[in-house]
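The values are calculated or read from the model by the stated rules, or taken from the named source; none is laboratory data. Please read all numbers here as calculations on a predicted model, not as lab measurements. Cβ placement follows ideal geometry from the backbone for every residue including glycine, while neighbour counts extend to all protein chains displayed.
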Amino acid sequence: MTNINYKKIIGILILSLIAVIVSACQPSNTGSSTIEENLQVTVSILPQAYFVERIAEDLVDVNVMVGAGEEAHTYEPKPEQMKSLTQSQILFTIGLEYENVWVPRFKDINPSLEIVDSAEGIQRIPLSSDHAHEDEDEGHDEENPEQGLDPHVWLSPDNGQIIAKNILNALSELAPQYAEEFQQNFDNLIKDIEDLDTRIDATLSDLAGQKFMVFHPAWGYFARQYDLEEIAVQVGGQEPSASELAALIQIAEEENIRVIFVQPTFSTANAEAIAREINAQVAVVDPLAEDWLANLEAAAKAFAAALKD
Ligand code: ZN
């Protein structure tokens with residue numbers, strides 16, 4: 001009896017040892033390298049999602065704060081977005097108003113969240129103003145130096161390159177095992193942006209110095225890159241007063257404005273009032289469309305059509 005038990009135990013031990021050796025020799029197919037989860041990234045706006053997805057493709061899940069059709073400047077996060085933020089490894093900011101208040105709170109609920117300014121290195125320009133607003137204090141608020149500066153930094157090909165590079169750097173640091181892949185995708189993206197710039201240049205080259213009118217001043221960086229001038233109906237994000245509206249109508253007549261550009265998320269009543277007065281059209285350009293590249297090209301064509309005889 002004792003003899004049999006002893007043999008049994010030895011046998012079990014040997015079998016166990018073999019099992020351990022066999023499993024140790026097998027290639028690991030349950031290791032982290034093969035079932036690695038996607039990178040979790042949060043961005044403020046859809047155009048940033050475009051850059052992240054072009055660079056990291058299907059290695060990333062992107063959580064977008066300001067959804068389609070939402071107003072970016074008055075946006076506040078929803079509870080379910082706070083929840084998905086706790087899963088995120090990186091938050092790419094862009095300089096929207098909500099970030100000032102909410103980013104510290106995000107840090108509180110997700111202390112390991114890395115905050116990366118995707119617009120780092122972009123020199124901010126003043127918001128577009130014009131003769132109608134010359135008497136106004138353009139809002140150099142001492143407590144808020146950002147006020148009076150144009151937050152729509154993503155709306156030019158040159159700035160797009162800077163944003164792409166910031167995103168590339170942060171993703172490569174977060175997941176160095178994919179750095180080569182990210183770099184390759186980034187190179188392709190930059191090539192596409194350069195080609196876009198060439199096409200927009202061709203579309204707008206003979207319109208240098210001309211003025212286009214927008215309701216909301218989102219296209220200042222675009223105008224600067226292509227030597228155009230943006231006239232905005234809004235004054236520092238506010239609806240114009242009656243006297244400002246009258247001044248705008250005069251400017252629009254002087255400048256022979258035939259199209260006033262509005263964006264999908266704003267009321268168009270004031271734009272339509274001016275358009276009626278000067279017999280102009282109202283057309284839509286979207287500063288927040290997700291397909292950033294196609295959107296800039298479409299905007300260039302819309303501006304060109306409005307400016308050409
Ligand atoms: Zn805006």
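Tally the residues that are exposed (fewer than 15 other Cβ atoms within 10 Å of the Cβ) and within 18 Å of Pro77 (Cβ to Cβ), restricting the search to region 104-113.
Residues meeting the conditions: 6.
Given the structure, is Ala306 farther than 17 Å from Ser156 by Cβ, more than 29 Å from the chain's Cα centre (by Cα), outside any strand (DSSP E or B) and not basic (Lys, Arg)? No; evaluated as a whole, the condition is false for this residue. Summed over region 251-289, residues that are out of contact with any helix residue (DSSP H, G or I) (no Cβ under 8 Å at 6 or more places or on another chain) and more than 16 Å from the ligand (Cβ to nearest atom) total 8. Checked against (1) assigned to a helix (DSSP H, G or I); (2) at pLDDT 95 or above; (3) of a type in the set (Asp, Glu), Glu244 passes all but a single condition, namely (2). Given the criteria at negative phi, at pLDDT 95 or above and assigned to a loop (DSSP other than H, G, I, E, B), does Val52 qualify? No.
In the set (1) without any contact (Cβ under 8 Å) to a residue 12 or more places away in the chain; (2) among the aliphatic types (A, V, I, L, M); (3) within 16 Å of the ligand (Cβ to nearest atom), the condition left unmet by Val214 is number (1).
For region 81-117, taking the residues that are assigned to a helix (DSSP H, G or I) and within 16 Å of the ligand (Cβ to nearest atom), the one that is nearest to Leu149 (Cα to Cα) is identified as Glu97.
Here is the figure for region 183-229: residues that are touching a strand residue (DSSP E or B) at 6+ places or on another chain (Cβ under 6 Å), outside any loop (DSSP other than H, G, I, E, B) and not hydrophobic (A, V, I, L, M, F, W, C) total 3.
For region 63-80, the candidate set comprises residues that are closer than 21 Å to Pro264 by Cβ and not in a loop (DSSP other than H, G, I, E, B); within that set, the residue that is farthest from the ligand (Cβ to nearest atom) is Val64.
Restricting the search to region 295-309, which residues are away from the ligand (no atom under 16 Å from the Cβ), touching a helix residue (DSSP H, G or I) at 6+ places or on another chain (Cβ under 9 Å) and modelled with pLDDT of 95 or more? Let's see the steps before the verdict.
Step one: filter region 295-309 for residues away from the ligand (no atom under 16 Å from the Cβ), giving 297-298, 300-309.
Applying the additional criterion that residues be touching a helix residue (DSSP H, G or I) at 6+ places or on another chain (Cβ under 9 Å) yields 297, 300-301, 303-304, 307-308.
Selection gives Glu297, Ala300, Lys301, Phe303, Ala304.
When Gly236 is tested against (1) more than 16 Å from the ligand (Cβ to nearest atom); (2) of a type in the set (Gly, Ala, Ser); (3) touching a Gly at 6+ places or on another chain (Cβ under 6 Å), exactly one condition is not met: (1).
Of the numbered conditions (1) surrounded by 17 or more Cβ atoms within 10 Å (Cβ to Cβ); (2) away from the ligand (no atom under 16 Å from the Cβ); (3) free of Cβ contacts under 8 Å to residues at least 24 places away in the same chain, Ser205 fails exactly one; give the number of that condition. The number of the failed condition is (1).
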